[in-house]
Amino acid sequence: MRQAACKPARCGAAPNLARRQQAPVAHCSSTGAQPPVQQPAAAPSRRQLLRLAAGLPALALLPALAAPLPAAAAAPGPRFLTPEEQAAVDAAFAATCPKAKAPVIVRLVFHDAGSYSAAAGDGGVNASIQYELDRPDNFGLKRGWNVIEATAKKLQGTAAEGLSRADLIALAGAHAVRITGGPQIKVAVGRRDATAADPDGRMPALDSSAEQLLANFADKGLSARELIVLSGSHTLGSKGYGDPVTFDNTYYKTLLDKPWERVSADMAAHIGIPTDHVLPDNPTCRPFIEEYAADQQLFFRDFAAAFAKMTELGARWA
């Protein structure tokens, strides 16, 4: 039989393209309908190209945005030694600061700190003592300063290299207290060294009254209790308060006993210093003396806190 001719009505002949564009329709054949012919994708329009180009700069920024931000610079301020730094400092002081030098080191700290004035906003533990060694108040402290210089040399090439001389003074004081049996004192570091002497005349005079001592310490931001507890450092050295290289509360027991009243004036001059003698008769100072005479652990605790505070007064942090 002859195959029937395809009829446009049944095969869906394409309508007039002039009217509207439509997907092509498969032609009929003797074997059935063929799948649609894939047409090539239309080229992007000018508007699409412009949009794509506008987005390229933003894409280029993505790697930079994903990169980690640089760490902010640390603000100036105190910090504590790392374990590696502490080990280096301990080793250096073991070589430069034996027990026999503990008294002069503690005195060095107090005299460097003694230049501080809260009202003036200057002075303090800043190593200015190196420019003040010829002052009468600082007689004999050259020996203490030599320890600081020797320690700085020992620290070269170690984890603690670069600590300021002011930091070493504060750390040496804490070391001296500890090796003579006193409390462990955690001292911050990061001080900047002074480049010239601090103002003179800020240390208490040796003939000061108790009221004058209280006023002097108050100008430094230190309380009556802190005056008395810091004065306990006089237990070190040859002042007549027990073993000169043992840090304990013998100082306070001696103040209450007042042995200088039972000996000649010449002998009394070898027991403490005049500013010690005036403290037990002052009603503000005596209660603290009695507390520390009765409780050495209380003395140790309060001394450690007051000492750390004193070493930070007036500090300029790097």
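The values are calculated or read from the model by the stated rules, or taken from the named source; none is laboratory data. The shown structure was predicted, so the numbers you read here are calculated from the model rather than taken from an experiment. Using ideal geometry, Cβ is built from the backbone for each residue, glycine included, and neighbour counts are taken over all protein chains shown. Keep in mind that these areas ignore ligands, DNA and RNA; they rest on the heavy atoms of the full protein, side chains included. Shrake-Rupley method; radii C 1.70, N 1.55, O 1.52, S 1.80 Å.
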Matching residues in region 252-290 (within 27 Å of residue 184 (Cα to Cα), free of Cβ contacts under 8 Å to residues at least 24 places away in the same chain and either out of contact with any Phe, Trp or Tyr (no Cβ under 8 Å at 6 or more places or on another chain) or among the aromatic types (Phe, Trp, Tyr) (or both)) number 2
Apart from one, (1) surrounded by 15 or more Cβ atoms within 10 Å (Cβ to Cβ); (2) out of contact with any Cys (no Cβ under 8 Å at 6 or more places or on another chain); (3) over 27 Å from residue 179 (Cα atoms); (4) of a type in the set (Gly, Ala, Ser) all hold for residue 237; the odd one out is (3)
Within region 148-164, which residues are buried (at least 21 other Cβ atoms within 10 Å of the Cβ) and assigned to a helix (DSSP H, G or I)?
148, 151
Right, residue 315: buried (at least 20 other Cβ atoms within 10 Å of the Cβ), of a type in the set (Gly, Ala, Ser), in a helix (DSSP H, G or I) and within 31 Å of the chain's Cα centre (by Cα) or not?
no
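Could you tell me which of the residues 221, 232, 201 is out of contact with any Ser or Thr (no Cβ under 8 Å at 6 or more places or on another chain) and not in a loop (DSSP other than H, G, I, E, B)?
So the residue among 221, 232, 201 that is out of contact with any Ser or Thr (no Cβ under 8 Å at 6 or more places or on another chain) and not in a loop (DSSP other than H, G, I, E, B) is 232.
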What residue, among those in region 180-208 that are surrounded by fewer than 14 Cβ atoms within 10 Å (Cβ to Cβ) and among the hydrophobic types (A, V, I, L, M, F, W, C), is farthest from residue 100 (Cα to Cα)?
196
Failed item, numbered, when residue 295 is tested on (1) touching a helix residue (DSSP H, G or I) at 6+ places or on another chain (Cβ under 6 Å); (2) under 27 Å from residue 179 (Cα atoms)
(1)
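Is it true that residue 100 is out of contact with any Pro (no Cβ under 8 Å at 6 or more places or on another chain) and modelled with pLDDT under 95?
So residue 100 does not fit the description; no.
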In region 248-263, what count of residues is obtained for those that are in contact with a helix residue (DSSP H, G or I) (Cβ under 8 Å, 6 or more places away or on another chain) and of a type in the set (A, V, I, L, M)?
2
Considering only region 235-254, state which residues are over 37 Å from the mean Cα position of the chain (by Cα) and not in a loop (DSSP other than H, G, I, E, B).
254
Note on region 134-147: residues within 14 Å of residue 103 (Cβ to Cβ) and assigned to a helix (DSSP H, G or I) are 143, 144, 147
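Residue-wise test of (1) among the aromatic types (Phe, Trp, Tyr); (2) surrounded by fewer than 20 Cβ atoms within 10 Å (Cβ to Cβ); (3) at pLDDT below 95; (4) touching a helix residue (DSSP H, G or I) at 6+ places or on another chain (Cβ under 6 Å).
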site	(1), (2), (3), (4)
210	no, no, no, no
216	no, yes, no, no
219	no, yes, no, no
232	no, no, no, yes
246	no, yes, no, no
265	no, yes, yes, no
Single condition residue 141 does not satisfy, out of (1) within 18 Å of the chain's Cα centre (by Cα); (2) open to solvent by less than 10 Å² (accessible area, probe 1.4 Å)
(1)
Quick check, is residue 177 touching a Pro at 6+ places or on another chain (Cβ under 8 Å) and open to solvent by less than 60 Å² (accessible area, probe 1.4 Å)?
yes
Please find, among 259, 287, the residue that is at pLDDT 95 or above and either open to solvent by 10 Å² or more (accessible area, probe 1.4 Å) or touching a Gly at 6+ places or on another chain (Cβ under 8 Å) (or both).
287
